[in-house]
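> Have a look at this one.
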Amino acid sequence: MTVTAILSALAEEQQGLLEQLNKPQSVRHGGRDFWLGELNGHRVVLGLSRIGKVAAATTATTLITRLGVNRIVFTGVAGGVGAGVSVGDVVVAAEFVQHDMDASPIFPRFEVPLYGKTCFACDPALTEMLLDASRTALAETEQGQARLHRGLIASGDRFVSAADESRGIQRALREAGLDVLAVEMEGAAVAQVCFDFGVPFAAVRTISDRADDQAHVDFPKFVAEVASGYAQSIMTNLFRLL
Ligand code: SAH
């Protein structure tokens, strides 16, 4: 039996999903509340990752080892970094990197020590479905000018809120041969845990800000006004495809 977890970072993003959940039942593990139930006939667990890589890794591990989850989908918001990645656009992750991982000169910058890996890839089939679902959701929500992207997302334990910093992250990753579309604070951790346990993972992030000097204003406004609708609409469409 497939049990799919839908993870969000923020309560605002989870709210719409929670309202749609059939037969909801809450459980608590590791100081976290999870909601078990059904969406469109599928068994699901809704959870908040909490913010940052360590918190998100604990949440993902709990879902897999304690709650029997064998597929994880992340829905959240992120700062746009790549050229042409604007507020309101949707980025589906092809893979993740930790932009603050640096054990150089012992290991190459950005490589996760002992894994021999810099990037953790998302599950191709689930990602394809998430792309389809996001495309449909964007059409339905009449975000006429919003674009859909697929590519690399970088995670780190920083809210990137300065244009200089954002450019610096982009430049450093480019030097390592990596083209980043967006930054956030959890995805790479969940991707690594899913790699460890062999659990398929996919992630979608709506762009709430441009990770620049305006980010601290744009981010809360977007989260309050639109993030929940996006998450709900993309997940509804995904569960029709699964
Ligand atoms: N005090 C805030 C903290 C949010 S941190 C609050 O709780 O409202 C920002 C969250 O959104 C993280 O979960 C991160 O994954 C994502 N995010 C959005 N824009 C980001 C940016 N510019 N840099 C890093 N993370 C960002």
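The values are calculated or read from the model by the stated rules, or taken from the named source; none is laboratory data. Keep in mind that what you see is a predicted model, and the values were worked out from it rather than measured. Cβ placement follows ideal geometry from the backbone for every residue including glycine, while neighbour counts extend to all protein chains displayed.
> If we scan the range 173-188, do we find a residue that is touching a strand residue (DSSP E or B) at 6+ places or on another chain (Cβ under 7 Å) and at pLDDT below 95? First the steps, then the outcome.
First, the residues of the range 173-188 that are touching a strand residue (DSSP E or B) at 6+ places or on another chain (Cβ under 7 Å): 173, 178-188.
Add one more test, that the residue is at pLDDT below 95, and what stays is none.
No, the range 173-188 contains no residue that is touching a strand residue (DSSP E or B) at 6+ places or on another chain (Cβ under 7 Å) and at pLDDT below 95.
> Sticking with this structure for a sec: Say we look at the range 1-27 and pick out the residues that are within 16 Å of the ligand (Cβ to nearest atom) and at pLDDT 95 or above; which of these is nearest to ASP100 (Cα to Cα)?
Ranking the candidates gives LEU7 first.
> Under 8 Å by Cβ, and 6 or more places apart or on different chains, what pairs join a residue from the range 144-159 that is under 15 Å from GLY82 (Cα atoms) with one that is of a type in the set (Phe, Trp, Tyr)?
As it stands, the answer is LEU152/PHE96; ILE153/PHE96; ALA154/PHE96; SER155/PHE96, since those pairs meet every condition given.
> Of everything in the range 167-193 that's touching a Lys or Arg at 6+ places or on another chain (Cβ under 9 Å) and away from the ligand (no atom under 13 Å from the Cβ), which residue is farthest from VAL54 (Cα to Cα)?
GLU175
> Another question, then. Looking only at the range 206-217, decide whether some residue is under 27 Å from GLY41 (Cα atoms) and buried (at least 23 other Cβ atoms within 10 Å of the Cβ). If you could, list the steps in order and put the result at the bottom.
Initial filter on the range 206-217 (under 27 Å from GLY41 (Cα atoms)): 206.
Filter again for buried (at least 23 other Cβ atoms within 10 Å of the Cβ), leaving 206.
So far as the range 206-217 goes, yes, one or more of its residues are under 27 Å from GLY41 (Cα atoms) and buried (at least 23 other Cβ atoms within 10 Å of the Cβ).
> For the range 139-161, enumerate the residues that are away from the ligand (no atom under 16 Å from the Cβ) and in contact with a Gly (Cβ under 9 Å, 6 or more places away or on another chain). Step through it out loud before you land on a result.
In the first step, residues of the range 139-161 are kept if they are away from the ligand (no atom under 16 Å from the Cβ); the result is 139-148, 150-151.
THR141, GLN143, GLN145, ALA146, ARG147, GLY151, listed by residue number.
> Go through the range 158-193 and give me each residue that's farther than 17 Å from ASP89 by Cα and under 13 Å from the mean Cα position of the chain (by Cα).
Matches in the range 158-193: MET185, GLU186, GLY187, ALA188, ALA189, VAL190, ALA191, GLN192.
> While we're on this one: Quick check: anything in the range 28-45 within 13 Å of the ligand (Cβ to nearest atom), within 21 Å of ALA231 (Cα to Cα) and assigned to a loop (DSSP other than H, G, I, E, B)?
no
> Which condition number does ASN22 fail, the rest of (1) in contact with a strand residue (DSSP E or B) (Cβ under 7 Å, 6 or more places away or on another chain); (2) buried (at least 18 other Cβ atoms within 10 Å of the Cβ); (3) more than 22 Å from VAL183 (Cα to Cα) being met?
The single condition ASN22 does not satisfy is (2).
> Okay, moving on. Looking at the range 130-145, is at least one residue over 20 Å from ALA227 (Cβ atoms) and of a type outside the set (Gly, Ala, Ser)? Walk me through it before giving the result.
Kept after step one, since they are over 20 Å from ALA227 (Cβ atoms), are these residues of the range 130-145: 132.
In the following step, the residues that additionally are of a type outside the set (Gly, Ala, Ser) were identified as 132.
There is at least one residue in the range 130-145 that is over 20 Å from ALA227 (Cβ atoms) and of a type outside the set (Gly, Ala, Ser).
> Name the pairs whose Cβ atoms lie under 7 Å apart, with the first residue in the range 1-24 and under 17 Å from MET185 (Cα atoms), the second among the charged types (D, E, K, R) and surrounded by 15 or more Cβ atoms within 10 Å (Cβ to Cβ), and 6 or more positions between them or separate chains?
Pairs that qualify, where the first residue is under 17 Å from MET185 (Cα atoms) and the partner is among the charged types (D, E, K, R) and surrounded by 15 or more Cβ atoms within 10 Å (Cβ to Cβ), are ALA9/GLU186.
> Which condition number in (1) farther than 17 Å from LEU126 by Cβ; (2) within 12 Å of the ligand (Cβ to nearest atom); (3) of a type outside the set (Lys, Arg) is the one that ASP164 fails?
So ASP164 meets the others, but not (2).
> Do we find a residue being in a loop (DSSP other than H, G, I, E, B), aliphatic (A, V, I, L, M), at pLDDT 95 or above and closer than 26 Å to GLN214 by Cβ anywhere in the range 67-78? Steps first, please.
To start, the set of residues in the range 67-78 that are in a loop (DSSP other than H, G, I, E, B) comprises 67-70.
Now restrict to residues that are aliphatic (A, V, I, L, M): 67, 69.
Next, from what is left, pick out any that are at pLDDT 95 or above: 67, 69.
Checking the rest, the ones that are also closer than 26 Å to GLN214 by Cβ come to none.
No: zero hits.
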